[in-house]
Structure formats: C-alpha cells, structure tokens
Amino acid sequence: MKTIRKIVVAVMVGILSVPLLTSCSTPAQLVKPAPTFFPPAPNEPRIQYLTGFSSSKIVEDTKNSFFFFLSGAQQGDQTFTLMKPFGIAVYKGIIYVSDTGSDTVYRIDLVNKKFEPLKGNTGYGRLKKPVRLTVDESGNLYVTDTTRKEIVVFTPEGDYLKAYGKGIASKGVAAAVDLENVYILDQKDLDIKVIDRKSGLLVKSIGESSDSFSGFIYPSDMTMDSEGFLYVTDIGSGVVAKFDKDGHTVLTFGQLGDALGEFARPKGIGVDAGGVIYVVDSGLQTVQLFNQDGRLLMFFGDRSLTPGSMNLPTSIWLSRDNLDYYKQFADPSFESEYLIFIINQYGSGAENVSIYGFGHKKEGIGAEPGTEAPPTNVNPAPGAPVSEPKPAPAAEKSATEPKPAPAATKSATEPVKGDASRESRTP
C-alpha cells in the first residue's frame, strides 16, 4: 500500500512540475535591441539595426524540459550553430546561409520558426566547401562550392537539381544567373566564365584586362543588377568594377586604403533596385554605399561591441520579403522600405546573421524616449543614400570627402527575371 502511495505521489509531483519545468525553458526569441541608427544625428536616419541570430536556439521553439527528462534526450541535440558562415540569399522570406565550418547550407524560416540543413546535401548534391549563394527567377538556389569547383543547384525546397562548371572554372568563388546564362567569377583564371543554362557549356569568358580595365588581381564577389550588369569586388586592388554582359567595362571605382570611399578588404557586393551599390568591407567592418557614379553616399556598421556592429562581414543580400514581420524590431519612429542581411563570419560582438532595415523616419513620430541620440561609437556618415550626400562629419580614419569616380552609363531601375542580385535578387 505504501509503495502504491509513493507511486501516486511521484506521479502527482511530476504532473505539478510540468508548468515549472516548462516555464524554466521559455523558448529563446530574436532580440529587439536598443535602437541603433545610421547615419547618426543630426542626419536623418536611413538604416536601423533590427535583429540577428547565430544559431537555431533563437529561431526554433524549444521543447519543454519535462519532455527531455522523460525521453532522456538532451536539449541541445537538435541545435544548429553557425560555425563559419560565408554566403547568404533570401527568397520569399526563406533565408539561406552557407557555412564553410559545417560544409552545409541552412534553410531558415523565421516566421514559421524553422532552421534546418539543406536536405539535398547528400549524394550528387553533397557540398564540400559552400561559399557564395544566389537564386534564379524560380527560387532555385545556386551554391558556389570552391572544393567541388562547381555551382551546385537546389530547388527552393532544398532538393538537388544539377551542377554547372565542372572542368570549366578553375576556382569559382561567386555566381550570378539570368534567364540564359550562369556567370562564374573565377579567382584563379581571373575572369568571368559565361555558361549556357540549358547545355551547361562554356559560351565565353569576360572580364579580362583591357584599355579601360587593368584586370583582376584577387576577385572576391560578384552580383548582377536588375538591368543585367555585373559588379565585381577585388581584394587585391581594392577596385569595384561594373561590366555589361559582353564584358565591356562600364565603371570602376575604389582603391586600397582606410579613408572614406576606400577599401581594406572588399569582400561582398550587392545592388538595390535603384542602383545603389553596397560594398562589404571585412577589414573596415563596414558596408559603404555608392551611387552609379561611384560616389560615396554613406556607410554603416561598427567595429565595437554594440548592437549593429560587424565582425568580419563577408556577404550581403537585400530583400523586401516579410517587411511586416520585421516591424516588431523597428523603432516606432522608423519605417523600413527593405531589409539588408549581412553575414558576419564570427559572432563575437555581432550576430552571424545581422538584419538591418533601410528606410526613413516617419513624419510626426519621434523616437522612443531616451533613444533620440545615437550611440557615440557609431561611425559617422556623409549623407543619405539615393540623394546627393551632405558634408561629412569627421570619420574614424579620415574626414576628407571621397573623390567621385567616372560616371556610369546606366543605372538600375526595375527588376527583371533572372538572378535577383541581392535586391536585384528579390524576385
């Protein structure tokens, strides 16, 4: 009888303990940090750091501790942590992140709280060193794999589809795609391989040195804008080059240095639908914005440990998907027009995936009390994008105004089908 009573008591204690155990295991949530704006006052804010994450703990719902106690499972069994992320792409709200530390690509759905490895990463789709990512007009994911020396393609659901570039590219480090071709930036051959999407055969190579372009030294990333122009960053020269599809040089700007408009390690690039060029600098830990004349508009990011800081940033993606979802992270005074996703290779002081909103201050609405003045260690900026820059306040390294680059012949306007181009890459 005493044994039965002990069993009953134990069961009752277990049942009563469930709420306590559950309350102790409240799921981690994406954090809404104190507002951080770029550029700082007295300029009008154009960019706000919204939130970020480095593992599935922040994204997924965590099961309660009582379940793990009964099953004997460990709470971290299904936790995925980004080890050394490199590339990013977004399609219809789904975030894809390549991780060279775990040789996989993660498929992340913040709205539905899902964080999972790409299921097609097996067999013919096995990835060895995935770096850059892009998507086509149907949402197919193109993964640049530097060890396979191929561009591996997966469906939007993550199933393996095909591969391009075998025996063609010596060391492809980035790719772009339109309706007809796949473009592979070859870091070893110092050119851009153009491959027919249907046949997989090499059509031509472009981007070699010419009278208007001195050639690549150590190219690092490539993107395509909404008009089909290609943009390439070069770590070796500090130059950003813009080409048409025939390989003619349209624009070059930049040089190695640490002044405004210069680059230490230009690692990533994106272009928005209005033609603003975003250059990710892993050396200066910032992103600089330029117009189609190569003139600096502003920059954002920080090397401190404050929200919105960067730590070896490598890649960028621009998107208008799920803007309503991200409103919960924005200051009430700020309206995001589109989102900026940045990959930081290291999460110390910065989230591996940092999400910013580009937009404007709402008319007649002030910032939350106590947040009107920006953090004192945020890098000052010389003006607002998509307009002529205002005179620049003193910067960390240099207060000089950057010299404008030669004028480009065209600017991006409406998006077209094909590679969504990191806002051009937003179908």
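When each pair of different Cα atoms in region 208-276 is counted once in the 1/r mean, what is the Kirkwood radius in angstroms, to one decimal?
Working: mean 1/r = 0.0819 Å⁻¹.
Taking every pair of different Cα atoms in region 208-276, averaging 1/r and inverting gives 12.2 Å.
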Net +/- balance of residues flanking residue 102 in space, Cβ distance below 14 Å, scoring K and R +1, D and E -1: +1
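Full-extension gain between residue 138 and residue 204, please, as 0.36 nm times their residue separation minus the C-alpha to C-alpha distance. Could you put the intermediate results ahead of the total?
Numbers: separation 66, 0.36 × 66 = 23.76 nm, distance 2.48 nm.
So the chain would gain 21.3 nm between residue 138 and residue 204.
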Cα pair distances exceeding 30 angstrom across region 74-231, given as percent: 15 percent
Sequence of 331, 246 when ordered by accessible area, the most exposed leading, probe 1.4 angstrom: 246, 331
Residues with amide H under 5 Å from that of residue 284, placed H, sequence gap 5 or more: 264, 265
Region 186-242: mean projected area of Cα convex hull, nm²: 4.4 nm²
Net lengthening on full extension, residue 259/residue 147 (0.36 nm per residue, minus Cα-Cα): 36.8 nm
Length released on extending from residue 348 to residue 196, taking residue separation times 0.36 nm less the Cα-Cα span: 50.5 nm
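Counting DSSP beta bridges with both partners in region 216-264, what percentage is antiparallel, nearest 5? Spell out each step's value before the answer.
Details: 14 of 15 bridges.
Antiparallel: roughly 95 percent of the beta bridges in region 216-264.
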Amide hydrogen neighbours beyond the local backbone of residue 171, cut-off 5 Å, H modeled: 187, 188, 189
Long-range HN-HN contacts of residue 220 with modeled amide H, under 5 Å: 233, 234, 235
Virtual spin-label span in nm between residue 109 and residue 217, 7 Å along Cα→Cβ: 4.6 nm
For region 286-303, Karplus couplings with θ = phi - 60° (6.51, -1.76, 1.60), whole Hz, Gly/Pro x: 9, 10, 9, 10, 10, 8, 6, 9, x, 8, 5, 9, 5, 8, 9, x, 6, 9
Hz values of 3J(HN,Hα) by residue in region 345-357 - Karplus curve (6.51, -1.76, 1.60), Gly and Pro given as x: 5, 10, x, 6, x, 8, 6, 4, 10, 9, 10, 10, x
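The values are calculated or read from the model by the stated rules, or taken from the named source; none is laboratory data. Everything numeric here is computed off the predicted structure, so don't read it as measured data. Neighbour counts are summed over all protein chains in view; Cβ atoms, including those assigned to glycine, are modelled from backbone coordinates with ideal geometry. The protein model used for the area step is the full one, side chains on, heavy atoms only, and it has no ligands, DNA or RNA in it. Shrake-Rupley method; radii C 1.70, N 1.55, O 1.52, S 1.80 Å.
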